[in-house]
1. Of the conditions (1) buried (at least 17 other Cβ atoms within 10 Å of the Cβ); (2) touching a residue at least 24 places away in the same chain (Cβ under 8 Å), Gln194 clears all except one; give me its number.
2. Scan the stretch 143-160 for residues that are open to solvent by less than 20 Å² (accessible area, probe 1.4 Å) and either touching a residue at least 60 places away in the same chain (Cβ under 8 Å) or β-branched (Val, Ile, Thr) (or both) and report the count.
3. Is there a residue in the stretch 166-177 that is of a type in the set (Ser, Thr, Tyr) and in a loop (DSSP other than H, G, I, E, B)?
4. What about Val216, is it open to solvent by 10 Å² or more (accessible area, probe 1.4 Å), aliphatic (A, V, I, L, M), out of contact with any helix residue (DSSP H, G or I) (no Cβ under 8 Å at 6 or more places or on another chain) and at pLDDT 95 or above?
5. For Gly228, work out the one condition from (1) open to solvent by less than 20 Å² (accessible area, probe 1.4 Å); (2) farther than 26 Å from Arg280 by Cβ; (3) of a type outside the set (Phe, Trp, Tyr) it doesn't fulfil.
6. Restricted to the stretch 264-282, and to residues that are open to solvent by 70 Å² or more (accessible area, probe 1.4 Å) and in a loop (DSSP other than H, G, I, E, B), which residue is modelled with the highest pLDDT?
7. For the stretch 53-75, enumerate the residues that are in contact with a Leu (Cβ under 7 Å, 6 or more places away or on another chain) and touching a residue at least 60 places away in the same chain (Cβ under 8 Å).
8. Run Glu246 past the list (1) under 27 Å from Val20 (Cα atoms); (2) surrounded by 14 or more Cβ atoms within 10 Å (Cβ to Cβ); (3) of a type in the set (Asp, Glu) and report the number of the one that doesn't hold.
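The values are calculated or read from the model by the stated rules, or taken from the named source; none is laboratory data. Every value quoted in this text rests on a predicted model; they were computed, and no experiment measured them. Counting neighbours? That spans all protein chains shown, and the Cβs are built from the backbone with ideal geometry, glycine included. Note: accessible area is taken over every heavy atom of the protein model, side chains too, but ligands, DNA and RNA are not part of it. Shrake-Rupley method; radii C 1.70, N 1.55, O 1.52, S 1.80 Å.
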Amino acid sequence: MPGFGVMVHYLPDKQSIAQVKNFDVEAFASGLAQMRASHLILTLGQNNGQYISPNSALEVLCPGAARNRPPRDLPLEIGEALRARGIALILYLPFRAPQADPALMKCLGDVSEQEPPPARFIAAWSSVIRDWSERYGPLAKGWWFDGTYNTQGISAAGWETLCDAARSGAANRWLAFNAGEGQARFSLKSAPCQNLMAGEYMQPPAHFAPPPSELVFHVLTPLTPSWGREAAPRFTAQQLRDWIGEARVARGLFTLDMPLDNNGRFLPAHVALVKSATARKP
């Protein structure tokens, strides 16, 4: 699936998880198809303890946290809509327990993401990852794990457990582990099973140098000044066209983070810009 893709931070507020029922999957998938996206990176959740999909392993480990999951399985619906349009789904998840939810961190046995992850946490989190991996199976073409800041002390057995969990249900997934933003870190290999650059680059250079890694080339940047922010685009259609072309030459991916409204629709001006950038030349 080399080429252009989109990332979205769809995370309704913890107090309004019921908003998930209003998400318009068909309009969302249609917007991606109009922009000629080859892949989507979708946030299952970030650091507030809320996730947009049920997870039976997490509910068994931490029963009190179930209230922060909607009954609707939104990633499943999105994955099926994307498959019908030939668009690959990559799931986003932090590498560590939700750092802003002390109760869930304690339940999962985790500590600050700046410290080495305890073995108990690696085992618990692997079971959570496995549950989602098996739930979505071939619909999930990859995982993008954020906040891989400290991996000291993870044993070979720990990595094997976590990597097997990420590949469960589809052995040939893209796996990216993000160690941070910028030239020095976007291409790092942070896990033994990683095969895709995390790619985070807030201010991409005008032209990319040859891929500095054995991983599949990838650049990920927000279209607006920050992740998921509704604002004017930072880039022109020509800039996007050039970067997408360079990624294709490198047999890699270029991903734009784009904001959504509350019903899961892309902003019309953003869609028009990207359609212009991805239009096929006559």
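1. All conditions are met except number (2).
2. Residues flagged as open to solvent by less than 20 Å² (accessible area, probe 1.4 Å) and either touching a residue at least 60 places away in the same chain (Cβ under 8 Å) or β-branched (Val, Ile, Thr) (or both) within the stretch 143-160 amount to 2.
3. Narrowing the stretch 166-177 to residues of a type in the set (Ser, Thr, Tyr): 168.
Subset that is in a loop (DSSP other than H, G, I, E, B): 168.
Within the stretch 166-177 (the criterion being of a type in the set (Ser, Thr, Tyr) and in a loop (DSSP other than H, G, I, E, B)), the answer is yes, since at least one residue qualifies.
4. On the way: open to solvent by 10 Å² or more (accessible area, probe 1.4 Å): yes; aliphatic (A, V, I, L, M): yes; out of contact with any helix residue (DSSP H, G or I) (no Cβ under 8 Å at 6 or more places or on another chain): yes; at pLDDT 95 or above: yes.
Yes; evaluated as a whole, the condition is true for this residue.
5. So the condition that Gly228 fails would be (1).
6. Once the filter is applied, the top-ranked residue is Arg265.
7. Residues of the stretch 53-75 that are in contact with a Leu (Cβ under 7 Å, 6 or more places away or on another chain), as a first pass: 53, 61-62, 65, 75.
Answer for the stretch 53-75, where residues must be in contact with a Leu (Cβ under 7 Å, 6 or more places away or on another chain) and touching a residue at least 60 places away in the same chain (Cβ under 8 Å): Ser53, Leu61, Pro75.
8. Result: Glu246 passes all but (1).
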